[in-house]
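Colleague: Take this structure, written in structure tokens, and hold onto it; I'll ask about it next.
The values are calculated or read from the model by the stated rules, or taken from the named source; none is laboratory data. Only a predicted model underlies this, so the values are computations on that prediction, with no experimental measurement involved. Cβ atoms come from the backbone with ideal geometry, glycine included; neighbour counts cover every protein chain shown.
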Number of protein chains: 2
Amino acid sequence: MTEPLALERNRLAVLRDLVERGLEELLPDAGDPPHRLHAAMRYAVLSPGKRIRPILALLSAQQLGCPLADVLPAACALEMIHSASLVLDDLPCMDDADTRRGQPSVHVRYGEDVAVLTGVALLNEAFAVVSRAPHLNDAAKVAMTALLSRTVGTGGLIGGQDKDLRAAPEPTLGFLSQLHHEKTGVLFIAAVEVGALAAGASPGAVQALRVFARELGLAFQAFDDLDDEADLEAGRAGVNMLSVLGRDALRDEAARRLSDAKAALVEGGPELAPLGGYVDLLFRRATA
Amino acid sequence: MTEPLALERNRLAVLRDLVERGLEELLPDAGDPPHRLHAAMRYAVLSPGKRIRPILALLSAQQLGCPLADVLPAACALEMIHSASLVLDDLPCMDDADTRRGQPSVHVRYGEDVAVLTGVALLNEAFAVVSRAPHLNDAAKVAMTALLSRTVGTGGLIGGQDKDLRAAPEPTLGFLSQLHHEKTGVLFIAAVEVGALAAGASPGAVQALRVFARELGLAFQAFDDLDDEADLEAGRAGVNMLSVLGRDALRDEAARRLSDAKAALVEGGPELAPLGGYVDLLFRRATA
């Protein structure tokens, strides 16, 4: 029970629990008005999720010597942004998805109008949380606000969703790579940068973390597309790398990205290298 | 031509022009991808508007000794937030408004999906603009981020829109006052606070400006409801104070709020008192 793997599993469980409790506390209370909107915000965020983005922020910060309590609010802000993007992407005028994380999507459960307000309120709350974070200095808060708004903006999540809406039935690999970078990669990169900013990391560590997160995001998307195989066969999937690359090549692509992600950490030095042990655990379902 | 009124008119025209040019520059270029989304963002913000909120920020800051260039980006962020709220309020699942500022609303012109992304992108860009503002120190940026996110949140614009969606056919005056405070008042108050933060104003000046802006917001809403009379007669208006108070009482209410707004400025001292001269000009149409 004291093998590295058990220790890593344990550390990950601790961090996930910390994120859950952080989100519980930071989200507005459904007992306070507007009740329905607060309930919808909590429903959107607190539904079961892997919490990969906040955990990446916590792991990066802690590995670089920053206390977890200092970075926790900003880490939770990342999950609020992620949840906001899911709520909005699921809307009838977007991907029109009835379920999310195994539950009715927010607009199915609360109505379309409330879903739009919920998505916007969660994005807004992410900035509120960073501005109020008790243990960060003003310079770090401003840098995180700039980082998060760039990540969400028309060169990031919003731009990615716009691309998704305009995607050709048979997109090129180049188009798909850029789409995945904007829809997934940018927020993975922002997660490790949030950790690095909280820790006041060196430029070298930041650069290594960025490469790590970029490759991890692409691996994540590749695994996600592999999981979509059932959807694809049923003709339900949207834009997917599986139909462009085929299953074997996509599996190779995912494995290569994971390996490159770990290599970037080793390049980053002895503080960051141990993070490699968490990569497989974070993707357990995908790599099992 | 050198009477005070002419001078005030001229100063207001200069400030309005400054805001227009600031918005032109700060909004993403429609020549840069994603073209359609950037075009929709510019369409939403650059359509003809009175620019009351950014002008209030500029007037307050300048009156307290802050150079206009220092506060301009944050003033423009207020207009981006205001425009975002209009785009989202107009959506088919909200107020389903086909026109705005005399033009097709964003979802009519660009589609509902693009309209949702446009609203979210404009809100996000407001935070980006504040975080990048070249002449503000980090403490002012953090305070503005906290202020703007509180203003947008479930106790402000978003909460107001949620209330609007749930309004009873014959709401009480108390409900309407709170609704108008959240939908209009909070952003007026935020505007003068942005000016005060940029200028590093004293607590006394901030308090006077807050009262001024609160009364001004309520006056604005009263005039707006008076203007809705034609809509109301045609049965097209939604929640409106006209149907609760009647025309004469609502006109009295508007005049009293304007007068209270000016009185608050006089209480605020000699630096702020001159702002009273701009109140009637800002509402020229309503008070003509």
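Colleague: Please specify each residue of segment A:13-35 satisfying the condition of being among the hydrophobic types (A, V, I, L, M, F, W, C) and surrounded by 19 or more Cβ atoms within 10 Å (Cβ to Cβ).
Modeller: Step one: filter segment A:13-35 for residues among the hydrophobic types (A, V, I, L, M, F, W, C), giving A:13-15, A:18-19, A:23, A:26-27, A:30.
The answer is A:15, A:18, A:19, A:23, A:26, A:27.
Colleague: Another question, then. Only residues that are aliphatic (A, V, I, L, M), part of a helix (DSSP H, G or I) and either within 14 Å of chain A (Cβ to nearest Cβ) or within 19 Å of residue B:117 (Cβ to Cβ) (or both): list them for segment B:72-94, please.
Modeller: In the first step, residues of segment B:72-94 are kept if they are aliphatic (A, V, I, L, M); the result is B:72, B:74-75, B:77-78, B:80-81, B:84, B:86-88, B:91, B:94.
Going one step further and asking which of them are part of a helix (DSSP H, G or I), we end up with B:72, B:74-75, B:77-78, B:80-81, B:84, B:86-88.
Answer for segment B:72-94, where residues must be aliphatic (A, V, I, L, M), part of a helix (DSSP H, G or I) and either within 14 Å of chain A (Cβ to nearest Cβ) or within 19 Å of residue B:117 (Cβ to Cβ) (or both): B:74, B:77, B:80, B:81, B:84, B:86, B:87, B:88.
Okay, residues lined up against (1) at the interface with another protein chain (Cβ under 10 Å from one of its Cβ atoms); (2) buried (at least 24 other Cβ atoms within 10 Å of the Cβ); (3) touching a Leu at 6+ places or on another chain (Cβ under 9 Å):
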position	(1), (2), (3)
B:47	no, no, no
B:70	no, no, yes
B:123	yes, yes, yes
B:146	yes, no, no
B:149	yes, yes, no
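Colleague: Separate question: Condition first: outside any helix (DSSP H, G or I), of a type outside the set (A, V, I, L, M) and either in contact (Cβ under 8 Å) with a residue 12 or more places away in the chain or away from chain A (no Cβ under 11 Å) (or both). Now tell me which residues in segment B:23-42 satisfy that. Steps first, answer last, please.
Modeller: Within segment B:23-42, the subset outside any helix (DSSP H, G or I) is B:27-34.
Filter once more, so that each one left must be of a type outside the set (A, V, I, L, M): B:28-29, B:31-34.
Once the filter is applied, which keeps residues that are outside any helix (DSSP H, G or I), of a type outside the set (A, V, I, L, M) and either in contact (Cβ under 8 Å) with a residue 12 or more places away in the chain or away from chain A (no Cβ under 11 Å) (or both), segment B:23-42 yields B:28, B:31.
Colleague: Right, here's the next one. Surrounded by fewer than 24 Cβ atoms within 10 Å (Cβ to Cβ), farther than 21 Å from residue B:91 by Cα and over 20 Å from the mean Cα position of the chain (by Cα) - does that describe any residue in segment A:103-113?
Modeller: Yes.
Colleague: Restricting attention to helices (runs of 4 or more DSSP H) lying wholly within segment A:222-288, give those where 2 or more residues are modelled with pLDDT of 90 or more and surrounded by 14 or more Cβ atoms within 10 Å (Cβ to Cβ).
Modeller: Numbers: elements: A:229-233, A:241-245, A:247-267, A:276-282, A:284-287.
Result: A:247-267.
Colleague: What number of residues within segment B:25-55 satisfy the criterion of being under 18 Å from the mean Cα position of the chain (by Cα) and charged (D, E, K, R)?
Modeller: 4
So that you can scan it fast, the table gives a plain yes or no per residue for (1) among the hydrophobic types (A, V, I, L, M, F, W, C); (2) touching a Leu at 6+ places or on another chain (Cβ under 8 Å):
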{"residue": "A:119", "(1), (2)": "no, yes"}
{"residue": "A:135", "(1), (2)": "no, no"}
{"residue": "A:187", "(1), (2)": "yes, yes"}
{"residue": "A:203", "(1), (2)": "no, no"}
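Colleague: Continuing with the same structure: Just checking, does segment A:96-107 include any residue being in contact (Cβ under 8 Å) with a residue 24 or more places away in the chain and within 11 Å of another protein chain (Cβ to nearest Cβ)?
Modeller: Scanning segment A:96-107 turns up no residue that is in contact (Cβ under 8 Å) with a residue 24 or more places away in the chain and within 11 Å of another protein chain (Cβ to nearest Cβ).
Colleague: Please specify each residue of segment B:180-200 satisfying the condition of being more than 17 Å from residue B:72 (Cα to Cα) and of a type in the set (Gly, Ala, Ser).
Modeller: Of everything in segment B:180-200, just one residue is more than 17 Å from residue B:72 (Cα to Cα) and of a type in the set (Gly, Ala, Ser), namely B:185.
Colleague: Can residue A:88 be described as closer than 23 Å to residue A:271 by Cα and either within 16 Å of the chain's Cα centre (by Cα) or surrounded by fewer than 21 Cβ atoms within 10 Å (Cβ to Cβ) (or both)?
Modeller: Values: closer than 23 Å to residue A:271 by Cα: no; either within 16 Å of the chain's Cα centre (by Cα) or surrounded by fewer than 21 Cβ atoms within 10 Å (Cβ to Cβ) (or both): yes.
Criteria not met by residue A:88.
Colleague: Same structure again: Over 14 Å from the mean Cα position of the chain (by Cα), within 19 Å of residue B:65 (Cβ to Cβ), more than 9 Å from every other protein chain (Cβ to nearest Cβ) and part of a helix (DSSP H, G or I): is that true of residue B:206 in this structure? Full working, then the answer.
Modeller: Details: over 14 Å from the mean Cα position of the chain (by Cα): yes; within 19 Å of residue B:65 (Cβ to Cβ): yes; more than 9 Å from every other protein chain (Cβ to nearest Cβ): yes; part of a helix (DSSP H, G or I): yes.
Answer is yes for this residue.
Colleague: Looking at (1) surrounded by 24 or more Cβ atoms within 10 Å (Cβ to Cβ); (2) in contact (Cβ under 8 Å) with a residue 60 or more places away in the chain; (3) at the interface with chain A (Cβ under 8 Å from one of its Cβ atoms), which is the only condition residue B:165 fails?
Modeller: For residue B:165, the failing item is (1).
Colleague: Can you tell me how many residues in segment B:55-73 are within 13 Å of residue B:206 (Cβ to Cβ) and among the polar types (S, T, N, Q)?
Modeller: Selection size over segment B:55-73: 2.
Table: residues versus (1) touching a helix residue (DSSP H, G or I) at 6+ places or on another chain (Cβ under 8 Å); (2) of a type in the set (Phe, Trp, Tyr); (3) modelled with pLDDT of 95 or more.
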residue: A:2; (1), (2), (3): no, no, no
residue: A:10; (1), (2), (3): no, no, no
residue: A:21; (1), (2), (3): no, no, yes
residue: A:25; (1), (2), (3): no, no, yes
residue: A:37; (1), (2), (3): yes, no, yes
residue: A:66; (1), (2), (3): yes, no, yes
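Colleague: Within 8 Å of chain A (Cβ to nearest Cβ) and aliphatic (A, V, I, L, M): is that true of residue B:173 in this structure?
Modeller: Values: within 8 Å of chain A (Cβ to nearest Cβ): no; aliphatic (A, V, I, L, M): yes.
For residue B:173, the condition - within 8 Å of chain A (Cβ to nearest Cβ) and aliphatic (A, V, I, L, M) - is not met.
Colleague: Could I ask something else about it? Of the residues A:215, A:193, only one is in contact (Cβ under 8 Å) with a residue 12 or more places away in the chain, within 30 Å of residue A:137 (Cβ to Cβ) and outside any loop (DSSP other than H, G, I, E, B); which? Steps first, answer last, please.
Modeller: Values: A:215 fails: within 30 Å of residue A:137 (Cβ to Cβ).
Just one listed residue meets the conditions, A:193.
Let's see how each residue does on (1) among the hydroxyl-bearing types (Ser, Thr, Tyr); (2) under 23 Å from residue B:93 (Cα atoms):
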site: A:91; (1), (2): no, yes
site: A:98; (1), (2): no, yes
site: A:123; (1), (2): no, yes
site: A:138; (1), (2): no, no
site: A:142; (1), (2): no, no
site: A:149; (1), (2): yes, no
site: A:166; (1), (2): no, yes
site: A:173; (1), (2): no, no
site: A:193; (1), (2): no, no
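Colleague: Tally up the residues in segment B:125-135 that are surrounded by 17 or more Cβ atoms within 10 Å (Cβ to Cβ) and either of a type in the set (S, T, N, Q) or within 9 Å of another protein chain (Cβ to nearest Cβ) (or both), please. If you could, list the steps in order and put the result at the bottom.
Modeller: Taking segment B:125-135 first, the residues surrounded by 17 or more Cβ atoms within 10 Å (Cβ to Cβ) are B:125-131, B:133.
Those left that are additionally either of a type in the set (S, T, N, Q) or within 9 Å of another protein chain (Cβ to nearest Cβ) (or both): B:125-131.
Number satisfying all stated conditions: 7.
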